[in-house]
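The values are calculated or read from the model by the stated rules, or taken from the named source; none is laboratory data. All values derive from a computational prediction rather than experimental measurement. Quick reminder, even Gly has a Cβ in these numbers, built from the backbone with ideal geometry, and neighbours come from all protein chains shown. The accessibility values were calculated without ligands, DNA or RNA, using every heavy atom of the protein model including side chains. Shrake-Rupley method; radii C 1.70, N 1.55, O 1.52, S 1.80 Å.
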Amino acid sequence: MNAADMPVLSIMLAIPMVAAVLCLFVRAELARPIALGATLANLILGVVLWISYDPAGAQWQFTESAQLFGPIGWKLGIDGISLTLIMLSVFLMPICIGASWNSIQKRVGEYMAAFLLMETLMIGVFAAQDLLLFYIFFEAGLIPMYLIIGIWGGQDRIYASYKFFLYTLLGSVVMLIAMLWMIQFAGTADIPTLLNTDFPVQAQTLLWLAFFASFAVKMPMWPVHTWLPDAHVQAPTAGSVILAGVLLKMGGYGFLRFSLPMFPEASANFIPLVFGLSMVAVVYTSLVALVQQDMKKLIAYSSVAHMAIVTVGLFTFNQQGIEGAIIVMLSHGLVSGALFLCVGVIYDRLHTREISRYGGISVNMPKYALLLMLFTMASVGLPGTSGFVGEFLSLAGAYKVSTWATLIATTGIILGAGYMLYLYRRIAFGPQANADAAAMQDIDGREMWLLAPIAVVVLWMGVYPETFLAPIRRDVATIVERIERAAPAGDSKLMAVDPTTARFRVAHEPKKDVAEGSH
């Protein structure tokens with residue numbers, strides 16, 4: 001029996017749910033291995049999905065369908081874009097469980113159950129093919145993360161968890177109203193059908209804004225990003241990993257799955273808004289990151305800058321830009337997750353995130369310093385790492401649409417190099433700040449097992465990105481084909497020489513004497 005005949009997606013949703021219930025009723029010594037076993041089982045199933053997925057086959061594969069109640073149907077299925085994001089989720093989840101192995105000592109069963117429930121909901125978001133089912137998964141993901149921050153977080157965890165919950169929930173209420181209107185208009189909640197439904201142009205504007213209210217907060221875009229630094233600083237290490245690694249990607253996935261293909265004309269009209277907010281985000285949050293004294297806050301602000309490059313890439317309306325945006329999402333999920341793990345490693349030893357308390361740790365922690373350098377360089381976008389591939393493609397796609405947006409977004413890479421290398425120099429080099437930092441032990445076997453797989457994938461994606469581009473290429477082409485009728489002209493006019501007249505003319509324009517026409 002091959003994977004295509006099995007309800008693989010339902011099994012992947014059921015395994016962590018069953019394990020979560022088990023974790024609630026067993027003691028801590030058993031809850032940890034149960035959670036790790038369930039997440040590893042899902043990782044194996046994810047690999048089966050990846051191997052069995054046929055990039056040249058049907059657009060939607062591993063589809064399942066059953067009627068639940070009322071208008072909600074249990075409809076699951078994936079395309080290449082969903083596949084890559086599900087793989088990111090199941091890859092990071094065992095690492096999160098491993099990162100919490102020793103650091104979480106209170107209410108361990110509930111903690112593991114919250115993470116397992118989170119895994120179910122994340123996979124559900126990327127696999128749902130029913131609009132209301134998607135909404136349930138999308139919004140329910142708030143609950144376990146709210147609990148993870150609120151119960152196991154830092155000193156100001158209550159404030160941070162409330163802020164996270166209210167920001168992300170308020171944005172989604174208007175999205176639900178828009179979804180109900182769409183279902184009434186199209187007569188179905190089936191997402192593949194809605195993707196090919198032409199909504200009235202006047203309605204598209206309101207629908208686009210309703211979806212934008214939710215996805216912009218989830219991304220998060222400036223100025224609705226302020227919940228993110230607070231949530232990251234207060235969340236436990238594994239909470240930060242999954243928040244940066246997967247939850248932020250739900251906003252990008254929403255733009256890609258709904259806003260662009262369902263409302264192409266409205267998306268084209270709002271390109272100046274999206275580019276404007278993204279340009280401000282890249283520059284503003286990079287400058288804020290430069291002056292941070294808390295390591296987690298610095299990485300959180302860098303996340304906002306990186307996700308701004310994603311929004312620029314998504315709204316380029318061309319293959320290069322959208323492919324680049326997806327690769328930036330995957331790369332950022334891995335790299336920022338790894339950077340938060342690196343912060344967690346030294347926090348477990350010294351119990352502070354203040355950058356000034358560290359210094360010169362490459363002397364006593366050489367293996368740690370090497371891995372931290374790799375992830376720092378990937379965050380900066382060094383060629384040969386995952387960060388370079390996505391940013392290059394996104395900005396190359398953006399250049400076809402707006403030279404100004406590309407220029408300002410590119411400054412984010414320069415500023416990114418400034419704050420990340422400055423952070424690395426203060427932690428790894430220079431005089432050792434104090435005796436406690438000088439006495440820290442290098443990373444142990446467990447921590448190496450957490451960081452090494454991410455390091456391998458970051459280099460793999462940088463050296464041979466085709467592995468990750470191949471599954472998404474056709475699906476991106478389908479989106480581009482759907483939205484090209486509304487694609488913007490772009491402000492970069494390429495000049496070409498007309499050999500018959502030896503005069504310049506604008507490329508792709510009808511042949512006419514440009515010089516004479518301008519006099």
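Inter-part distance, region 265-298 to region 380-453, computed on C-alpha centroids, equals 17 Å.
Taking the highest mean first, how do the peptides 297-306, 105-114 order by number of other beta carbon atoms within 10 angstrom per residue?
Numbers: 297-306: 25.9, 105-114: 19.5.
Ranked from most to least packed, the peptides come out as 297-306, 105-114.
As a fraction of the 1.4 Å probe accessible area of region 282-486, surface on carbon and sulfur atoms comes out at 68 percent. The charge dipole of the chain, taken about its Cα centre with unit charges on the Cβ of Lys, Arg, Asp and Glu (plus for the first two, minus for the last two), comes to roughly 860 debye. Pairs from the table (LYS296/LYS400; LYS75/LYS249; LYS106/LYS367) lying more than 24 angstrom apart at Cα are LYS296/LYS400; LYS106/LYS367. Measuring nothing but how far apart in sequence close Cα pairs (under 8 Å, 6+ apart) lie, relative to its length, region 282-486 scores a relative contact order of 31 percent.
What Kirkwood radius, in Å to one decimal, follows from the Cα pairs of region 306-364?
Taking every pair of different Cα atoms in region 306-364, averaging 1/r and inverting gives 13.7 Å.
Specify whether the C-alpha gyration tensor of region 1-153 places it in the rounded, prolate or oblate class, a ≥ b ≥ c being the square roots of the eigenvalues: rounded for a/c under 1.5, otherwise prolate if a/b is larger than b/c and oblate if not. It comes out prolate by the Cα gyration axes. Evaluated over the Cα positions of region 282-486, the convex hull gives a direction-averaged projected area, one quarter of its surface, of 11.2 nm². Based on C-alpha pairs under 8 angstrom that are at least 6 apart in sequence, region 1-123 has a relative contact order of 41 percent.
Does region 390-453 come out rounded, prolate or oblate by the C-alpha gyration tensor, with a ≥ b ≥ c the root eigenvalues, rounded set by a/c under 1.5 and, if not, prolate when a/b is larger than b/c and oblate if not? Since a/c reaches 1.5 but b/c is at least a/b, the shape of region 390-453 is classed as oblate. Considering region 227-319, its Cα convex hull presents a mean projected area of 6.3 nm². From its DSSP helices (H runs of at least four residues, each -39,500 (n - 2.57)), the chain gives a residue-normalised ellipticity at 222 nm of -22500 deg cm²/dmol. Considering only PHE429, PRO236, GLY141, and ranking their Cα positions along the charge dipole of the chain that arises from unit charges at the beta-carbon of Lys, Arg, Asp and Glu, the one farthest toward the positive end is PHE429.
Plainly put, the chain has a radius of gyration that is 0.99 times its Kirkwood radius, both from alpha-carbon atoms, as the Rg/Rh ratio.
Can you give the FRET efficiency to the nearest 0.05 for ALA438 and GLN155, using r as the Cβ-Cβ distance and R₀ = 25 Å?
Numbers: r = 27 Å, r/R0 = 1.07.
It comes to 0.40.
Rg then Dmax, both in Å and based on the Cα atoms of region 423-483: 20.5, 61.
Solvent exposure of GLU119, expressed as accessible area, is near 0 Å², computed with a probe of 1.4 Å over the protein chains only. In this Cβ point-charge picture (+1 for Lys and Arg, -1 for Asp and Glu), region 282-486 has a dipole of about 220 debye about its Cα centre. When only Cα pairs below 8 angstrom with a gap of at least 6 residues are kept, the chain shows a relative contact order of 14 percent. Along the axis of the charge dipole computed for region 282-486 (Cβ charges of +1 for Lys and Arg, -1 for Asp and Glu, origin at the Cα centre), the listed residues PHE375, THR311, ILE327 are led at the positive end by THR311.
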